[in-house]
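In what follows, a structure is listed as structure tokens, so that the remarks can point back to it.
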Amino acid sequence: MSTRLGNVVDPWSVIDRQGADALRWFMFTGGSPWSPRRVYKEALDEVVRQFMLTLWNVYSFFVTYANASGFDPSADDPVPVRERPPLDRWIRSRLERTVETAREGLEKYNATGVGRDRIARFVDDLSNWYVRLARRRFWDPGGAGGADTHAAFVTLQESLVAVAQLLAPFTPFVSEEIWRNLAAGRGGLPASVHLSDYPQAEHSVVDRALDEVMQAARQIVELGRRIRSESKVKVRQPLLEAVVHYPGDHDALRPLLPLVAQELNVKGVVFAESAEQLGRWRAKICSSSIW
């Protein structure tokens, strides 16, 4: 490997500093194999910070809370996906769409697009939306959380196991570590992720309508935070309510409003219905508005 200026980058120094998986991920997702690219240590540091550590932090979070709560995925039958809360159903839907796209992409030798555009995006969704919003459900002293907590643990465990399989051709060492701790030997699964089949999408779990309204909820949260920032009202200060204009199906979005309220630190989220409320709008983004 060399930079455009001809300075040689010793691969062993990169492996010692950032690890072999970071180097592999950079080479797979940093650009097409036939396109020139700059290779330098800071770029690999960014790979570690943005992707490798994000994945590892989700994995560490799960292991920490699973051990604290005594969660054993093989002890009970998993809660059926259709009976789980909307947030769980959404991340599973995103996972299955990622699996479907990853298989299609790899069959066409498009490893760059699969890694950068699908798997990395799913890991970001898993960390910065699912785990952040579901974090409280994982604290389960004495088993008080019941089915809701169990569903959260099962959903995150399933997601991490599938991610380990998706990433096995890209980052074999991190994938193997996750697999051996969470899946190896359970339910007849092989001891190594590299002996398992590449995952197949469960199309029955895909819920495109839920994907759409969750995206609307995320846009509302983004806009609400922007308004708070512009108004110099910090998120830690609770507010009474947020009023939202959403031209789509209100009944479909309504189950997600508690998540929006949680993220915006308001007691409630209501839809704008009257002319008085319409006159109080302050901003608009895509298909949703919030004041």
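Report yes if Ala183 is open to solvent by less than 20 Å² (accessible area, probe 1.4 Å), under 26 Å from Val79 (Cα atoms) and touching a residue at least 40 places away in the same chain (Cβ under 8 Å), otherwise no. Here the answer is no, as Ala183 does not meet what is asked. A Cβ distance below 7 Å, combined with a sequence gap of six or more or placement on separate chains, defines the contacts here; from the range 212-225, residues that are farther than 16 Å from Asp251 by Cα and among the polar types (S, T, N, Q) reach residues that are at pLDDT below 95 and open to solvent by 50 Å² or more (accessible area, probe 1.4 Å) in the pairs Gln219/Cys286.
Filtered by the rule that a residue be surrounded by fewer than 19 Cβ atoms within 10 Å (Cβ to Cβ), in contact (Cβ under 8 Å) with a residue 24 or more places away in the chain and under 24 Å from Asp125 (Cα atoms), the range 70-81 gives Pro73, Pro78, Val79. For the range 99-117, indicate whether the set of residues that are buried (at least 16 other Cβ atoms within 10 Å of the Cβ), within 16 Å of Thr155 (Cα to Cα) and touching a Pro at 6+ places or on another chain (Cβ under 7 Å) is non-empty. Yes, the range 99-117 has at least one match. The set of residues in the range 193-215 being surrounded by 15 or more Cβ atoms within 10 Å (Cβ to Cβ) and more than 21 Å from the chain's Cα centre (by Cα) consists of Ser196 alone.
Listed here are the residues, each with its yes/no results for (1) more than 25 Å from Phe28 (Cβ to Cβ); (2) in contact with a strand residue (DSSP E or B) (Cβ under 9 Å, 6 or more places away or on another chain); (3) not in a helix (DSSP H, G or I).
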position: His194; (1), (2), (3): no, no, no
position: Asp197; (1), (2), (3): no, no, yes
position: Gly224; (1), (2), (3): yes, yes, no
position: Val244; (1), (2), (3): yes, yes, yes
position: Glu263; (1), (2), (3): yes, no, no
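Considering Arg218, Arg228, the condition of being in a helix (DSSP H, G or I), open to solvent by less than 30 Å² (accessible area, probe 1.4 Å) and among the basic types (Lys, Arg) is satisfied by Arg228 alone. Here the range 125-155 is the region considered, the condition is being among the acidic types (Asp, Glu) and more than 14 Å from Trp90 (Cα to Cα), and the residue that is least open to solvent (accessible area, probe 1.4 Å) is Asp140.
For the range 6-36, filtered to residues that are of a type in the set (D, E, K, R) and under 27 Å from Val163 (Cα atoms), the residue that is least open to solvent (accessible area, probe 1.4 Å) is Asp21. When Arg4, Arg97, Arg38, Arg17 are checked against the criterion of being of a type in the set (Lys, Arg) and modelled with pLDDT of 90 or more, Arg97 stands alone in meeting it. The residues of the range 45-69 that are surrounded by 13 or more Cβ atoms within 10 Å (Cβ to Cβ), under 22 Å from the mean Cα position of the chain (by Cα) and more than 27 Å from Asn110 (Cα to Cα), listed by number, are Phe61, Phe62, Val63, Tyr65, Ala66. Remark: Glu42 matches the filter, which requires a residue to be of a type in the set (Asp, Glu), open to solvent by 60 Å² or more (accessible area, probe 1.4 Å) and farther than 25 Å from Glu202 by Cβ. Taking the stated definitions as given, is Val269 part of a helix (DSSP H, G or I) and at pLDDT 90 or above? The answer is no for Val269.
The values are calculated or read from the model by the stated rules, or taken from the named source; none is laboratory data. Only a predicted model underlies this, so the values are computations on that prediction, with no experimental measurement involved. Cβ coordinates were reconstructed from backbone atoms using ideal geometry, including for glycine residues, and neighbour counts include every protein chain displayed. When the accessible area is computed, the model is the full protein with side chains, heavy atoms only, and any ligands, DNA or RNA have been set aside. Shrake-Rupley method; radii C 1.70, N 1.55, O 1.52, S 1.80 Å.
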